[in-house]
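Below you'll find the structure, written out as structure tokens, and then a few comments.
The values are calculated or read from the model by the stated rules, or taken from the named source; none is laboratory data. Since the model is a prediction, treat every value here as computed from it, not as a measurement. Counting neighbours? That spans all protein chains shown, and the Cβs are built from the backbone with ideal geometry, glycine included. Protein only, heavy atoms only, side chains kept; ligands, DNA and RNA dropped before computing areas. Shrake-Rupley method; radii C 1.70, N 1.55, O 1.52, S 1.80 Å.
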Amino acid sequence: MTPTLKLLPCAMLVCPAAVLAAPATYQIDPNHTHPLFEVDHFDGLSIWRGLFKKSSGTITLDRERGNGTVDVVIEVSSVELGQDKLNELLVAEKIGDWNGLDVAHFPNAEYKGTLADFVRGAPTRVNGELTLHGVTRPVTLRIDSFKCMPNHPIVRREVCGADAYGTFNRADFGVNIGVQYGFRQEVALRIQVEASKQD
């Protein structure tokens, strides 16, 4: 029997060894995942930086097929700007005539997307949507670094991590803090994430 004929039954029946592995699922580590943001203060007077201390979610990754998904939920009230009064103002429904994050009605923000543009098994972009303040808009993230450790020395399982960057206009989500004073409404996101592979 020729090699080709020998392989026919395998090809027709889909031999187990030839089946591609299912996408792996990773749980986001909230202790090593903190979305950071940068916002303008008085049209270039300074740049203010903050972060969200509480986030959760899952990532799926299929390096053989070059695809995957991201689903991250951020607890908006966990925002930290380094000053308690500013934190309180930011999460309020209104700050004078400005619209704040209004955590009473919108306690969470969520980013859902698909991993894309894989290079040597690593994604370099996320095409997704951000839901903030009850509004959903497309937001693309650029992945600047991506690495997986097959056996993390502390958690004793595979851990993948990434650093991503993106921008959006907060006024598009109905949050317009400082617009009357000329504050630029663009928000820069810098997200570091680590996630552990699930069994």
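When you check residue 176 against the structure, is it crowded, with 17+ Cβ neighbours inside 10 Å, polar (S, T, N, Q) and over 18 Å from residue 56 (Cβ atoms), yes or no? Yes: the conditions hold for residue 176.
When we screen 165, 111 for residues that are of a type in the set (Ser, Thr, Tyr), under 10 Å from the mean Cα position of the chain (by Cα) and open to solvent by 40 Å² or more (accessible area, probe 1.4 Å), the only hit is 165.
Taking the criterion of being at pLDDT 95 or above, acidic (Asp, Glu) and farther than 28 Å from residue 162 by Cβ, the only residue of segment 85-136 that qualifies is 102. Residue pairs whose Cβ atoms lie under 6 Å apart, sitting 6 or more positions apart in sequence or on different chains, and linking a residue in segment 153-166 that is modelled with pLDDT of 95 or more to a partner that is part of a loop (DSSP other than H, G, I, E, B) and open to solvent by 30 Å² or more (accessible area, probe 1.4 Å), are 158/150; 159/152. Of the set (1) open to solvent by less than 70 Å² (accessible area, probe 1.4 Å); (2) closer than 17 Å to residue 185 by Cα, all apply to residue 124 but (2). Only residues that are modelled with pLDDT under 95 and outside any loop (DSSP other than H, G, I, E, B) were counted in segment 176-189, giving 3. Which of the residues that make up segment 100-120 are more than 11 Å from residue 74 (Cβ to Cβ) and either touching an Asp or Glu at 6+ places or on another chain (Cβ under 8 Å) or assigned to a strand (DSSP E or B) (or both)? Answer for segment 100-120, where residues must be more than 11 Å from residue 74 (Cβ to Cβ) and either touching an Asp or Glu at 6+ places or on another chain (Cβ under 8 Å) or assigned to a strand (DSSP E or B) (or both): 100, 102, 104, 105, 112, 113, 114, 115, 116, 119. Are any residues in segment 137-162 farther than 18 Å from residue 66 by Cα, open to solvent by 60 Å² or more (accessible area, probe 1.4 Å) and within 13 Å of the chain's Cα centre (by Cα), and if so, which ones? 138 - this is the single residue of segment 137-162 that is farther than 18 Å from residue 66 by Cα, open to solvent by 60 Å² or more (accessible area, probe 1.4 Å) and within 13 Å of the chain's Cα centre (by Cα).
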